[in-house]
Amino acid sequence: MERLVICSALLNTLDMHTTEPAYNPLDDIDHILVDEITIKNRLKELGRELNEAYQGRDVAVIAIINGAIIFVADLIRELSIPLQLDCIRVSSYRDDTKPMQEPEVIDKIRLELKGRHVLIIDDILDSGNTLSRVSQMFQAMEPASLKTCVLLDKKTKRSVDFEADFVGFRIPDEFVVGYGLDFAERYRQLPCIGVLRPELQNPPEWS
């Protein structure tokens with residue numbers, strides 16, 4: 001009986017050493033651009049900017065998802081203004097590292113925007129195509145005002161002349177993931193924003 005107990009203990013020890021370590025998506029990050037604490041601090045500042053800009057107004061907040069979902073959820077909790085939230089689903093990348101020339105609107109909003117103060121929130125401004133198209137759509141609905149807010153403003157050549165009214169961070173022209181931003185629907189859960197390792201961008205098994 002004692003030998004069986006010893007053998008069982010040895011086998012358990014061997015299993016501990018041979019089991020592969022759990023997958024950590026942070027291992028796929030080449031380097032971190034914005035850490036978790038910096039994001040939280042900037043959201044508080046951005047919240048104060050928006051509270052001041054919209055003081056005394058009722059705001060219709062429109063989130064462009066999936067990318068902005070975490071950013072919007074955290075940001076609106078910093079707001080002390082009356083607001084309604086709706087979402088529009090737009091496809092801009094389609095599992096690629098470069099945005100499409102013509103973003104595809106997949107799901108439209110339900111809120112009535114005529115005469116409303118509208119704030120569009122997106123995760124990243126790069127080519128400008130997505131925000132430009134969505135802004136044009138909403139302008140046609142005759143809002144009282146329309147402004148845009150982005151988590152990231154990437155220093156890259158714009159396809160259209162477009163700048164956001166409120167910006168969280170300005171970043172270099174690198175392919176970033178985390179804090180809602182994805183590649184092929186991966187890495188959204190990361191608490192920070194980092195640059196994906198080059199060899200993992202468009203790997204064959206994900207194409």
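The values are calculated or read from the model by the stated rules, or taken from the named source; none is laboratory data. From a predicted model like this one, the values you see are computed outputs, not experimental measurements. Counting neighbours? That spans all protein chains shown, and the Cβs are built from the backbone with ideal geometry, glycine included.
Structure data summary
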{"item": "Count of segment 78-92 residues which are assigned to a loop (DSSP other than H, G, I, E, B) and at pLDDT 95 or above", "result": "5"}
{"item": "Count of segment 169-193 residues which are of a type in the set (K, R) and either within 11 Å of V34 (Cβ to Cβ) or out of contact with any Asp or Glu (no Cβ under 7 Å at 6 or more places or on another chain) (or both)", "result": "2"}
{"item": "Residue selected from segment 14-40 under the condition in a loop (DSSP other than H, G, I, E, B) and either within 20 Å of the chain's Cα centre (by Cα) or at pLDDT 95 or above (or both), by the criterion surrounded by the fewest Cβ atoms within 10 Å (Cβ to Cβ)", "result": "N24"}
{"item": "Within segment 181-193, considering residues that are closer than 20 Å to K40 by Cα and not basic (K, R), the one surrounded by the fewest Cβ atoms within 10 Å (Cβ to Cβ)", "result": "Q189"}
{"item": "Residue match in segment 41-53 (condition: in contact with a strand residue (DSSP E or B) (Cβ under 6 Å, 6 or more places away or on another chain), modelled with pLDDT of 95 or more, within 19 Å of V167 (Cβ to Cβ) and not in a helix (DSSP H, G or I))", "result": "no"}
{"item": "Every residue from segment 148-184 that is outside any strand (DSSP E or B), closer than 26 Å to D27 by Cβ and in contact with a Pro (Cβ under 8 Å, 6 or more places away or on another chain)", "result": "Y179"}
{"item": "Residues of segment 101-144 classified as farther than 24 Å from N51 by Cβ, surrounded by 15 or more Cβ atoms within 10 Å (Cβ to Cβ) and in contact with a Pro (Cβ under 8 Å, 6 or more places away or on another chain), total", "result": "5"}
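Here is a yes/no grid of residues against (1) among the charged types (D, E, K, R); (2) more than 24 Å from R89 (Cβ to Cβ); (3) surrounded by 13 or more Cβ atoms within 10 Å (Cβ to Cβ); (4) touching a residue at least 24 places away in the same chain (Cβ under 8 Å):
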{"site": "L151", "(1), (2), (3), (4)": "no, no, yes, yes"}
{"site": "K154", "(1), (2), (3), (4)": "yes, no, yes, yes"}
{"site": "E174", "(1), (2), (3), (4)": "yes, yes, yes, yes"}
{"site": "Y179", "(1), (2), (3), (4)": "no, no, yes, yes"}
{"site": "V195", "(1), (2), (3), (4)": "no, yes, yes, yes"}
{"site": "E199", "(1), (2), (3), (4)": "yes, yes, no, no"}
